[in-house]
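K.L.:
Pasting in a structure now, in structure tokens, and then I'll have a few things to ask.
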Amino acid sequence: MKSVRSADAGNVAHSVQRVLRAPAYADQERQRVAGIVGNMLRVLFVVICVTLVVQFAISGLASGMFGLVASAAWVLGLLTLLRRGYVQATALLLILNLMLLVNVSSIGYGGIQSPTVSANLLVILMAIMLIPPRRVLIVAILVIACLVAVYWIDVSGLDQTLPFPQTPNTPEMALMTHIAHLLGAGYFLYLAVNGLTQAIHRARAEERRANELLEQAQAARSVAEQAHQAKVQFLANMSHELRTPLNAVIGYSEMLLEDGETHDELQRIHGAGTHLLGLISDILDLSKIESGRMLLDIQEFSPKQLAEQALADVHDLVDQTGIELRLELVGEVSDDAFTILADRLRVHQILRNLLDNAAKFTDRGYIDLIVRPDEETSGHLVFCVRDTGIGIATDVMRRIFEPFYQVDGSSTRLRGGTGLGLGLSRALAEMMGAKLSVVSRLGEGSAFSLYLPKTPPLTSETDSAVAPASE
Ligand code: ADP
């Protein structure tokens, strides 16, 4: 029987201990408020318990003890609420509790002239530390209402008829009250200074962490830059190493073809070699642009002649298919003497890419190359390659300019390609201050337009990338 009772007492002690333990929150502000409220409640609980023991020792089981036991239970209840995570609600209840205590004791001890009235200031201080400003305002209004109520109860003589005990107004009581206020104010001051110091420590720790992260990011960036440079160098070396034997293969097959050899295999070797060389050149160009080592060769040339040459280059691709290749030159462009200043080789490369794609993705109809002055900006020419091919779906239209991106469709796979052409074309266009855009409708065809300045724009970026015109 005895052991059962001691086990029960052990359980109760364990539960009380658990309730008294400080809760932990991830949110720093919540943790701060919970810490202060928890500390106050724990101090209050200990004070009540000590008073209870002292009172029991002095007067045995007196009627006043019931109030103390109820207070201890109330404080434990608030601690449980706090542990459940109701931090703000507990803080508010604690503040209201203190406000009630201060004003009821003022009524019982000297009314509006009581020294305990000034403890209302502690209530407001506590509100400022624990709850958001809007609620502090509400607490301040309640405090003023309490002061008015205490004054009214005092002057109306109602305090004499109230059921709680009137404390005798003695100098000793006044001394005790002032000491209590001093202790209370000191505790709040300690909390405020402590909070400030912790905030400074937190700020310093965060600054240190930010600096560390910055250093790590800088180190990672430098490693990434080195890796990028290594990749660019590797691509350049590889492309060079591959091009040399390939040129030999293409050269020899060309010589044999010129000598009158007509084997199909020879044609295939020559075709495959030329295709591979094109791919390697594209990869090399892309890596040069990425590393900022691509130079432009600006020279004067006739856009009419360039357009005619680009069309002639793709003629073989559509020869057997019945697709019509058409050239349209508008306004000043149709004049043989009209010239512009740009990198002829790169403009030709872009047009070839666009025309190759048009030929690849068109089964019937026509392919138009239209060259015209730009109606909106007179300083630009528009090279437009328009086809009646398979078209491009709206949702992938922006992605087709990403390097290596190909529209995922069986028709695209069948037609081959690497997904490099448009990415490279757009990068080259941007280097020349030009813009490459597309309009397309699935199943109806596409129109790619290059908006090229008639003279290169004078920006510091292009200046550095432009090499002197070759002779
Ligand atoms: P590649 O042609 O080598 O696949 P590109 O970068 O030139 O690579 O083109 C990317 C993708 O854009 C192509 O795979 C194709 O799906 C789409 N595309 C490009 N031009 C056309 C066109 N004229 N008509 C339809 N689709 C096109």
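The values are calculated or read from the model by the stated rules, or taken from the named source; none is laboratory data. The structure displayed is predicted, hence computed values, not measured ones. Here the Cβ positions follow ideal geometry from the backbone for every residue, glycine too, while neighbour counts run over all protein chains shown.
K.L.:
Yes or no: the stretch 397-405 includes at least one residue that is on the phi > 0 side of the Ramachandran plot, within 13 Å of the ligand (Cβ to nearest atom), modelled with pLDDT under 95 and surrounded by fewer than 20 Cβ atoms within 10 Å (Cβ to Cβ).
P.N.:
Yes - at least one qualifying residue is present in the stretch 397-405.
K.L.:
Determine, yes or no, whether L82 is more than 20 Å from M126 (Cα to Cα) and touching a helix residue (DSSP H, G or I) at 6+ places or on another chain (Cβ under 6 Å).
P.N.:
no
K.L.:
Could you please find all residues in the stretch 238-281 being under 23 Å from L317 (Cβ atoms) and loosely packed, with under 14 Cβ neighbours inside 10 Å?
P.N.:
N247, G251, E258, T262, H263, D264, E265, Q267, R268, G271, H275
K.L.:
Could I ask something else about it? For the stretch 415-445, name all the residues that are of a type in the set (A, V, I, L, M, F, W, C), in contact with a Pro (Cβ under 9 Å, 6 or more places away or on another chain) and within 12 Å of the ligand (Cβ to nearest atom). Write out each step before concluding.
P.N.:
Applying the first criterion (of a type in the set (A, V, I, L, M, F, W, C)) to the stretch 415-445 yields 420, 422, 424, 427-429, 431-432, 434, 436, 438-439, 442.
Right, trim to in contact with a Pro (Cβ under 9 Å, 6 or more places away or on another chain) and you get 420, 422, 424, 427, 432, 434.
L420, L422, L424, A427 - these are the residues of the stretch 415-445 that are of a type in the set (A, V, I, L, M, F, W, C), in contact with a Pro (Cβ under 9 Å, 6 or more places away or on another chain) and within 12 Å of the ligand (Cβ to nearest atom).
K.L.:
Let me ask something else. Can you name the condition, by its number, that A217 falls short on among (1) at pLDDT below 90; (2) within 30 Å of D27 (Cβ to Cβ)?
P.N.:
(1)
K.L.:
Shifting gears a bit: Determine which member of the set L235, L284, L311 is surrounded by 15 or more Cβ atoms within 10 Å (Cβ to Cβ) and more than 35 Å from the chain's Cα centre (by Cα).
P.N.:
Only one candidate qualifies: L311.
K.L.:
Further question on the same structure: Is it true that some residue in the stretch 61-83 is assigned to a loop (DSSP other than H, G, I, E, B) and of a type in the set (K, R)?
P.N.:
Within the stretch 61-83, not a single residue is assigned to a loop (DSSP other than H, G, I, E, B) and of a type in the set (K, R).
K.L.:
In the stretch 44-60, which residues are at pLDDT below 85, in a helix (DSSP H, G or I) and exposed (fewer than 13 other Cβ atoms within 10 Å of the Cβ)?
P.N.:
V54, A57, I58, S59
Yes/no per residue for (1) among the hydroxyl-bearing types (S, T, Y); (2) over 30 Å from E29 (Cβ atoms); (3) out of contact with any Pro (no Cβ under 9 Å at 6 or more places or on another chain):
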residue	(1), (2), (3)
L101	no, no, yes
I107	no, yes, yes
G111	no, yes, yes
P115	no, yes, yes
S118	yes, no, yes
L130	no, no, yes
A149	no, yes, yes
L175	no, yes, yes
H181	no, no, no
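K.L.:
Restrict the check to the stretch 216-230 and report whether at least one residue is over 23 Å from G292 (Cβ atoms) and surrounded by 10 or more Cβ atoms within 10 Å (Cβ to Cβ).
P.N.:
Yes, the stretch 216-230 contains a residue that is over 23 Å from G292 (Cβ atoms) and surrounded by 10 or more Cβ atoms within 10 Å (Cβ to Cβ).
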